[in-house]
Amino acid sequence: MNIIKLPLLFVIFLVHCQSPNVISSLAETGPIGNEAMISTTHPLATEVGLGILQKGGNAIDAAIAVQFSLSVVYPQAGNIGGGGFAVIRLDDGTVATLDFREKAPQSATKDMYLDADGNVIKELSKIGHLASGVPGSVAGMWELHQKYGQLPWADLVSPAVNLAANGHQLTEFTAKSLNNKQRDFIKVNSYQPWVVKEEDWNKGDTIYQKDLATTLSLIENKGRDGFYKGIVADLIATEMQSGGGLITQKDLIAYEPIWRAALKGTYKGFTIHVMAPPSSGGIALLQLLQGAEKYDFKKLGHNSAQMIHIKTELERRVYADRATFLGDADFYPVPVDQLLDPNYNKERFSSILEKKATLSTEIKEGTVNVIESIETTHFSIVDKAGNSIGITTTLNGNFGSAVMVKDGGFFLNNEMDDFSVKPGTPNMFGLIGGKANAIAPEKRMLSSMTPTIVEKDGKLFLVTGSPGGSTIITTVFQNIINVIDFEMTLHDAINAKRAHSQWLPDVILIEENAISEEAITTLEQMGHQLKFMPEIGKINAILVRPDGTLEGGPDYLRSDSYAIGY
Ligand code: GLY
């Protein structure tokens, strides 16, 4: 052991020894690293990423390894059968964003989820074979590696192969998720996948995923072709045919991720880098921050009635715009420039009253010429060279369509539900949409995923993101306000209770015990309707502190999230 390694291992040891609750009750910060930090939703995935960084891989290498590992240890959202977005900031300031969102199959049609009378057929876009879009994750990881990878591809996939083949123990959270989904697993699969179990799954159960290990080995050895061509592609196509799904080998071969120009905005002197459409999160976040710029939230008080009122009014207007104007910009003329125009937003937010709720029925989209399931996942990584990456990735609902590809061992997404299946009909997150987000062959469905990188004075400041469907955007919004306006440590900013609203339904969702009885009364008197829920969002973020050290921000209180720094 050399001199450099001793303190590094010591820091890692310390972080390992503290249970999440101990950290949240005793510490005022999350784990601190001098050089690098990684925060993901599962301790084993975090350890895999750490191993890659220690082996000399960069943040992008670590992210690829984490993505594959999450497909094994976090099957409810970690995936190879889904998609996502990556926002990258290299140490030299270069920002890049990769869209590896799923696409509608080539034979998809606008009305594919409607019956002969034009009514939505319940559940068809949500569970089962027809709910799946063409997966983008493996192609996305391959593309990231082609452009930025330093370590050999096989080194990044092999930890996931090992986890699948050698087994791992279930966390309580994943055991419960599996138990809750048994009915759907049985309903949509023509065989009995390993997830189906007569007795409940329990924390500590060891699961071995031999089929998944074989699939991942093919990806390890053949790269993207190991998934989009040959045995695995055939398994997907056969699975689709057996259950009335649409994805064919042709769809799989045709899938390509897309490098898109990042969208950039500012907030109180900070620079914000986000994803362009088909993410709605980027535009919506920048609109919200434009609207929030003029408010002194610290003076209003954290989670005070007045602060929640203002946030709600901003969100009402932004989500109304989302429903009307946002979709895949390759298929629909999304008015990006106009939605981000400060004059437009000034006018858009000018109807906000300080002490009275606007009814959402009175809010229409602005005059310029859709809540997804909670189980998406986000991870953030900064390496010792200062490169950073935030990836939000998803199967959409918990375990996606619930279809596990026979002999392939992985779940397929139910991302088709993120399209507007019929104008004005809410999707599983209560989000509605119209023409902009209508289904078309090879079109990408609108997403709320909001991986975000914030700079201060031209230097990296924050990497953040969250799962939570439509609540992703407002969770990231609050995280930014907490660290910028309230100058909270990342630990406090993430632990702070959250609220969410989205135009329709006209209600504010609030985490239990987030606000005082007095604030509840005040908000109700203003005309707001409140609904309390156990939790909103699960952030994994990294904050650069004034002394240049890195604070990891796992969402300990709401998930199994785990950060390690050195
Ligand atoms: N399926 C969740 C999202 O993309 O927003």
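The values are calculated or read from the model by the stated rules, or taken from the named source; none is laboratory data. All values reported here derive from a predicted model rather than from experimental measurement. Glycine also receives a Cβ, built like all others from the backbone with ideal geometry; neighbour counts cover every protein chain displayed. To get the accessible areas, we keep the full protein, side chains included, count just its heavy atoms, and leave off ligands, DNA and RNA. Shrake-Rupley method; radii C 1.70, N 1.55, O 1.52, S 1.80 Å.
So the values come out like this:
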| quantity | calculated |
| --- | --- |
| Selection within the stretch 380-399 - touching a strand residue (DSSP E or B) at 6+ places or on another chain (Cβ under 7 Å) and more than 9 Å from the ligand (Cβ to nearest atom) | S380, I381, V382, G386, S388, I389, G390, I391, T393, F399 |
| Failed item, numbered, when N202 is tested on (1) within 25 Å of G243 (Cβ to Cβ); (2) open to solvent by 20 Å² or more (accessible area, probe 1.4 Å); (3) not aliphatic (A, V, I, L, M); (4) not in a helix (DSSP H, G or I) | (1) |
| Single unsatisfied condition, G434 versus (1) away from the ligand (no atom under 15 Å from the Cβ); (2) within 16 Å of the chain's Cα centre (by Cα) | (2) |
| Candidate set from the stretch 91-114 (those that are surrounded by fewer than 18 Cβ atoms within 10 Å (Cβ to Cβ) and of a type outside the set (V, I, T)); member that is nearest to L252 (Cα to Cα) | Q106 |
| Strands (runs of 3 or more DSSP E) contained entirely in the stretch 249-321, each with at least 3 residues that are of a type in the set (F, W, Y) and more than 25 Å from F461 (Cβ to Cβ) | none |
| Leading residue by the ranking (farthest from the chain's Cα centre (by Cα)) among those in the stretch 509-566 that are in a strand (DSSP E or B) and surrounded by fewer than 23 Cβ atoms within 10 Å (Cβ to Cβ) | L530 |
| Total residues in the stretch 94-103, condition within 17 Å of T464 (Cα to Cα) and not in a strand (DSSP E or B) | 0 |
| Test result for L163, more than 30 Å from D417 (Cα to Cα), out of contact with any Asp or Glu (no Cβ under 8 Å at 6 or more places or on another chain) and part of a helix (DSSP H, G or I) | yes |
| Residues of the stretch 129-187 classified as buried (at least 21 other Cβ atoms within 10 Å of the Cβ), farther than 24 Å from Y255 by Cα and hydrophobic (A, V, I, L, M, F, W, C), total | 4 |
| Residue among T489, T450 that is at pLDDT 95 or above and closer than 15 Å to V318 by Cα | T450 |
| Breaking point among (1) open to solvent by 10 Å² or more (accessible area, probe 1.4 Å); (2) part of a loop (DSSP other than H, G, I, E, B); (3) out of contact with any His (no Cβ under 9 Å at 6 or more places or on another chain), for A402 | (1) |
| The stretch 472-500 residues that are assigned to a loop (DSSP other than H, G, I, E, B), paired with ones that are acidic (D, E) and away from the ligand (no atom under 16 Å from the Cβ) (beta carbon under 6 Å, 6 or more apart) | T489/E28; K497/E511; R498/E511 |
| Test result for P467, crowded, with 24+ Cβ neighbours inside 10 Å, in a loop (DSSP other than H, G, I, E, B) and either within 21 Å of the chain's Cα centre (by Cα) or away from the ligand (no atom under 16 Å from the Cβ) (or both) | yes |
| Any chance S69 is in a helix (DSSP H, G or I) and crowded, with 24+ Cβ neighbours inside 10 Å | yes |
| Check on G386, open to solvent by 10 Å² or more (accessible area, probe 1.4 Å), modelled with pLDDT of 95 or more and of a type outside the set (D, E) | yes |
| The stretch 444-463: number of residues that are within 16 Å of the ligand (Cβ to nearest atom) and either open to solvent by 10 Å² or more (accessible area, probe 1.4 Å) or not in a loop (DSSP other than H, G, I, E, B) (or both) | 3 |
| Test set (1) in a loop (DSSP other than H, G, I, E, B); (2) open to solvent by less than 10 Å² (accessible area, probe 1.4 Å); (3) out of contact with any Pro (no Cβ under 8 Å at 6 or more places or on another chain); (4) within 30 Å of T171 (Cβ to Cβ) - G226 fails condition number | (1) |
| Cβ pairs under 6 Å, 6+ apart, first in the stretch 283-305 and over 22 Å from K355 (Cβ atoms), second part of a loop (DSSP other than H, G, I, E, B) and aliphatic (A, V, I, L, M) | L286/L340 |
| Check on M416, crowded, with 24+ Cβ neighbours inside 10 Å and not basic (K, R) | yes |
| Condition met for T377 (within 25 Å of the chain's Cα centre (by Cα), of a type in the set (S, T, N, Q) and either within 30 Å of V66 (Cβ to Cβ) or within 16 Å of the ligand (Cβ to nearest atom) (or both)) | yes |
| Residue pairs meeting the criteria (Cβ under 6 Å; at least 6 apart or on separate chains; first open to solvent by 30 Å² or more (accessible area, probe 1.4 Å) and assigned to a loop (DSSP other than H, G, I, E, B), in the stretch 426-443; second modelled with pLDDT under 85 and not hydrophobic (A, V, I, L, M, F, W, C)) | M428/S373; I432/G424; I432/P426 |
| Leading residue by the ranking (least open to solvent (accessible area, probe 1.4 Å)) among those in the stretch 249-280 that are more than 30 Å from I484 (Cβ to Cβ) and within 16 Å of the ligand (Cβ to nearest atom) | P257 |
| Members of the stretch 86-107 that are among the hydroxyl-bearing types (S, T, Y) and under 22 Å from L246 (Cα atoms) | S107 |
| Residue within the stretch 346-361 that is farther than 29 Å from F297 by Cα, assigned to a loop (DSSP other than H, G, I, E, B) and among the small types (G, A, S) present | no |
